[in-house]
Amino acid sequence: MSEETASDGARAPTAATVSVGLSVGETTFATADAALLRAIDDGGSVRAAATTLGRSRARALDRLETLEAAFGALVERRRGGADGGGSRLTAGARELLDRFDRLQAALAGTARNTESVVRGRVTRREGELAVVETSLGAVRAVAVDDPDPGEAVTVSVGADAVTLHDPDGAPTPDTTSARNRFDGDVRSIDRGDAVVTVSVAVGEETVTALVTAESADRLGLADGDPVTVSFKTTATRAVPTASE
């Protein structure tokens, strides 16, 4: 089972640092590991990533082996070519990076966190889950207070649970656990030092995402840009509203 952790770092006279990580057993995925995966993604190989980060290739491969033993396949390797072949991230690696980004954002921007809220009606129940027809489209959510099919509900998801993707590179539903996916356009960007709040227009509704500045820069977000938003069923709540 994985754990999300945060700890106070060494205290300087005027500041305290915070480190975050995702842990499985004794292995913790931390900032340096995220940098390694992103460098592989950018450079197309472990060798290029190691050069960019100032590490030896052997050290990068050793760390990657440790991470994959804990978190599963993270890099697909291709043989051949002058540099011995290339590498690309797996869907699991991208989801791990998304989880890490959300954890960073949640810790850095808890006080600024908001929820996106839409109204809808339950179309069917799947045990503890509900499928709700909303102005966004069909949304899967955890059913709170046991609403029946046909009942009006309010659907909400926290901004720190929303992930943003380039529409051309968004993972398909069968490669990620975030089953709620909608295409929209960036409406506004509120940038802080470490956290960026992005409002996305999806039809007539607005979905708010809280992401790290690094993630926003990597996507190159700007007002009006097309973007895909996704969020997990388990991070979404459907609560009955007053009778209509």
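The values are calculated or read from the model by the stated rules, or taken from the named source; none is laboratory data. All values reported here derive from a predicted model rather than from experimental measurement. For neighbour counting, all protein chains shown are included, and Cβ atoms are generated from backbone atoms with ideal geometry for every residue, glycine included. The protein model used for the area step is the full one, side chains on, heavy atoms only, and it has no ligands, DNA or RNA in it. Shrake-Rupley method; radii C 1.70, N 1.55, O 1.52, S 1.80 Å.
I'd like to verify a number: residues in the stretch 178-193 that are under 17 Å from the mean Cα position of the chain (by Cα) and charged (D, E, K, R), how many?
Count: 3.
Under 6 Å between Cβ atoms, which residue pairs at least 6 apart in sequence (or on different chains) link something in the stretch 195-222 that is buried (at least 23 other Cβ atoms within 10 Å of the Cβ) with a partner that is part of a loop (DSSP other than H, G, I, E, B) and β-branched (Val, Ile, Thr)?
Listed by first residue and then by second, the contacts come to Ala209/Val162.
List the number of the failed condition for Ser215; all other conditions in (1) of a type in the set (Gly, Ala, Ser); (2) touching a helix residue (DSSP H, G or I) at 6+ places or on another chain (Cβ under 9 Å); (3) part of a strand (DSSP E or B) hold.
Ser215 satisfies all of (1) of a type in the set (Gly, Ala, Ser); (2) touching a helix residue (DSSP H, G or I) at 6+ places or on another chain (Cβ under 9 Å); (3) part of a strand (DSSP E or B) except (3).
When you look at Val186, is it modelled with pLDDT under 95, assigned to a strand (DSSP E or B) and either out of contact with any Lys or Arg (no Cβ under 6 Å at 6 or more places or on another chain) or among the charged types (D, E, K, R) (or both), yes or no?
Answer is no for this residue.
Filter the strands (runs of 3 or more DSSP E) completely within the stretch 62-180 down to those with at least 1 residues that are at pLDDT 95 or above and under 28 Å from Pro226 (Cβ atoms).
Working: elements: 75-78, 86-89, 115-126, 129-134, 137-143, 152-158, 163-165.
Of the strands (runs of 3 or more DSSP E) lying wholly inside the stretch 62-180, those with at least 1 residues that are at pLDDT 95 or above and under 28 Å from Pro226 (Cβ atoms) span 115-126, 129-134, 137-143, 152-158.
Applying the selection to the stretch 22-57, what residues are in a helix (DSSP H, G or I), open to solvent by 40 Å² or more (accessible area, probe 1.4 Å) and farther than 14 Å from Arg94 by Cα?
Scanning the stretch 22-57 gives Thr31, Ala32, Gly43, Arg47, Thr51, Thr52, Leu53, Arg57.
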